Number of protein chains: 2
Amino acid sequence: MKITRYHLEPQTGTAFELKRGQVLRIIDPEGEQVSDVVAFAREDHSERLSSGRSLDYNNTIYLTTGHVLYSNRSNPMFSILADRVGKHDFLLTPCSPETFEILYKDHEGYHPSCLENLTKNLQRFGIVQDDIPTAFNVFMNVDVLSSGELKIGPPLSKPGDFVDLRAEMDLVVGITACSAEKSNNHSFKPINLEVHGYERRFAPQDSSSRA
Amino acid sequence: MKITRYHLEPQTGTAFELKRGQVLRIIDPEGEQVSDVVAFAREDHSERLSSGRSLDYNNTIYLTTGHVLYSNRSNPMFSILADRVGKHDFLLTPCSPETFEILYKDHEGYHPSCLENLTKNLQRFGIVQDDIPTAFNVFMNVDVLSSGELKIGPPLSKPGDFVDLRAEMDLVVGITACSAEKSNNHSFKPINLEVHGYERRFAPQDSSSRA
């Protein structure tokens, strides 16, 4: 099986197409790093990942193995096939220049952000910043206290931990190595990606030829 | 002060413009009814209400008096001026035909939904269904258990309870009397609205004339 590998340097991002059936493995090579993932239907970018639909249909804020991530049209976009960590966030938007202004009081001047990295990389697919939804924040460790307050802790991911997302439709995916201090225990690290692919049109033949 | 009143029959919706500074009062006349609210910048509908930005910047899932609801461009859209209930949901999307298929196992055939009611009413502003974001679900009572599981209970609103939202920019607002059994303790009820308005261009003069 063909495997395509990507390496995201700290505080960067990328975007690429995934075919239905391909599996995206998101790897935290050093541990305690977050990766923001967004997705759009390749055929019509108005169909995009929906946090609200996904939380609603799975009836939990913690999506893990066996759960499905839905689009704003209620179609499955990803299935989670494997998850070595079990705690990810789907409440919060990608960090943006305004995130650092509003939430990081001690910050001044330019700060790299996931929103900028997603915008920059999704641009060549004709996707604009306004349409970037709440991301599936892989490895991000957010607790909801009984008061409703949100508490961001260091990611639970250890070196080499990963999550496998199977594309349930043809997709354009945007993905980052997160730029926010608070999300990554105050140290920026890389993210590795693998796309486990196959030529979909040959898959049924391969399967039947074993009979 | 001019007050415009709207009455939403059970399982219906409406849409209208709000000027910056106007206050939208959302009233539950009978108690235990939910109202889904979405908003778009009047000048550019690509700027819309963002659950992710709002939860992030307020650092809580329970928004109430003093909190600000933000757009996808991180601009304030609403301030919550008053809140007689204190528990609302900003995690879940408006109920849709698919909601009833996926989540309501005993349901068959057509079911009215907030997404349809929002789409129908926002159409005349040129806003399409794909762009309707996760709603601010006023009076909706959702708990997040420590496992992450979501638990929808009957709304805490009693007859006459209300929430006041001040528009922080010129807006197009879509709003419903929710159609989902589970959200409203299995009985559909109306929602009343009041827009407490003034002619904004006279406001500074009025204020200075008192000096």
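The values are calculated or read from the model by the stated rules, or taken from the named source; none is laboratory data. It should be emphasised that the depicted structure is a prediction, and the values quoted were computed from it without experimental measurement. Quick reminder, even Gly has a Cβ in these numbers, built from the backbone with ideal geometry, and neighbours come from all protein chains shown. Just the protein is used for accessible areas: all its heavy atoms, side chains included, with ligands, DNA and RNA removed. Shrake-Rupley method; radii C 1.70, N 1.55, O 1.52, S 1.80 Å.
B:H196 to B:L81: extension gain in nm, 0.36 nm per residue of separation minus the Cα-Cα distance?
Values: separation 115, 0.36 × 115 = 41.40 nm, distance 1.23 nm.
Taking B:H196 through B:L81 to full extension adds about 40.2 nm, to one decimal.
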### Task
Provide the per-residue ³J(HN,Hα) series for segment A:159-175, in order, calculated from phi with Karplus coefficients 6.51, -1.76, 1.60 and θ = phi - 60°, each as a whole number of Hz, with x at glycine and proline positions.
x, x, 5, 8, 10, 10, 10, 8, 5, 9, 8, 5, 10, 10, 10, x, 7
### Where rotation carries B onto A, the chain B residue whose Cβ is nearest that axis, in whole Å
B:V144, 2
#### Entry: Magnitude of the charge dipole, chain B, Cβ model with Lys/Arg +1 and Asp/Glu -1, debye to 20
800
### Task
For B:K2, list the lysines whose Cα falls under 20 Å from its own Cα; do not include residues on the same chain fewer than 8 positions away.
B:K19
### Message
Can you list residues from other chains, or at least 5 along the same chain, whose modelled amide H is less than 5 Å from the amide H of A:T60?
### Response
B:L150
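Please report, in debye to the nearest 20, how large the charge dipole of the protein assembly as shown is about its Cα centre when each Lys and Arg carries +1 at its beta carbon and each Asp and Glu carries -1 there. Please list the in-between numbers first.
On the way: 44 positive and 58 negative charges, 44 e Å.
Dipole of the protein assembly as shown, to the nearest 20 debye: 220 debye.
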#### Entry: Euclidean distance of C-alpha centroids, segment A:127-187 and segment B:112-183, integer Å
25
### Message
Using the Cα centre of chain B as origin and beta-carbon charges of +1 (Lys, Arg) and -1 (Asp, Glu), tell me which of B:V163, B:V34, B:G153 is placed farthest towards the positive end of the dipole.
### Response
B:V163
### Query
Rg and Dmax of the protein assembly as shown, Cα atoms, in Å?
22.0, 91
### Query
Measuring from a point 7 Å out along Cα→Cβ, what nm distances, shortest first, does A:G109 have to its partners in the other copies?
6.8
### Query
How much length is gained if the chain between A:E43 and A:L103 is pulled fully straight, taking 0.36 nm per residue apart and subtracting their Cα-Cα distance, in nm to one decimal?
18.0 nm
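How about segment A:53-158: which chymotrypsin sites (Phe, Trp or Tyr not before Pro) there are in a DSSP loop, with at most 15 other Cβ atoms within 10 Å of their Cβ?
On the way: sites: A:Y57, A:Y62, A:Y70, A:F78, A:F90, A:F100, A:Y104, A:Y110, A:F125, A:F136, A:F139; in loops: A:Y62, A:F90, A:Y104, A:Y110, A:F139.
When the chymotrypsin sites (Phe, Trp or Tyr not before Pro) of segment A:53-158 are filtered for loop state and at most 15 Cβ neighbours within 10 Å, A:Y104, A:Y110 remain.
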### Query
Using Cα-only point scatterers and the Debye equation, what is log10 of I(q)/I(0) for segment B:2-199 at each q in 0.09, 0.11, 0.16, 0.18 Å⁻¹, rounded to two decimals?
-0.29, -0.44, -0.99, -1.29
### Task
Express in whole angstrom the spacing between the alpha-carbon centres of segment B:1-40 and segment A:66-82.
33
### Query
When each copy gets a label point 7 Å from Cα toward the beta-carbon at A:V128, what are the spacings between them in nm, shortest first?
1.3
### Message
Greater than 30 Å separation of Cα atoms is the criterion. Which listed pairs, A:K87/A:K120; A:K151/B:K189; A:K189/B:K87, meet it?
### Response
A:K151/B:K189; A:K189/B:K87
#### Entry: Selection from A:L24, A:V138, A:F100, by position along the positive dipole direction of chain A (Cβ)
A:L24
### Query
Under 5 Å between amide H atoms, partner at least 5 residues away or on a different chain: which partners does A:M77 have, H built in plane at 1.01 Å?
A:L69, A:Y70, A:S71
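Rounded to the nearest whole Å², what accessible area per residue is found for segment A:141-184 with the 1.4 Å probe? Don't jump to the answer; show the numbers that get you there.
Values: 1470 Å² over 44 residues.
For segment A:141-184, the per-residue accessible area is 33 Å².
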## Note on the structure
Quick calc, A:T64 & A:K182: beta-carbon distance into FRET formula, R0 22 Å, rounding 0.05, result 0.45
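Hey, got a sec? Which GluC sites (Glu not before Pro) in segment B:1-47 land in a DSSP loop and have at most 12 other Cβ atoms within 10 Å?
For GluC sites (Glu not before Pro) across segment B:1-47 that sit outside H, G, I, E and B with at most 12 neighbouring Cβ atoms in 10 Å, the list reads B:E43.
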### Query
Label point 7 Å out from A:L145 along Cα-to-Cβ: which residues of segment A:87-110 have amide N under 15 Å?
none
### Query
Where the label is 7 Å out from Cα toward Cβ, how close does A:E17 come to the same position in every other copy, in nm, shortest first?
4.2
### Summary
Toy charge model, Lys and Arg Cβ at +1, Asp and Glu Cβ at -1: segment B:131-185 dipole around Cα centroid in debye, rounded to 20, equals 220
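Quick check: from the Cα gyration tensor, does segment A:85-140 come out rounded (a/c under 1.5), prolate or oblate?
Values: a/c = 2.19, a/b = 1.06, b/c = 2.07.
Oblate, since a/c reaches 1.5 and b/c is not below a/b.
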#### Entry: Over segment B:1-85: Kirkwood hydrodynamic radius from C-alpha pairwise inverse distances, Å
14.4
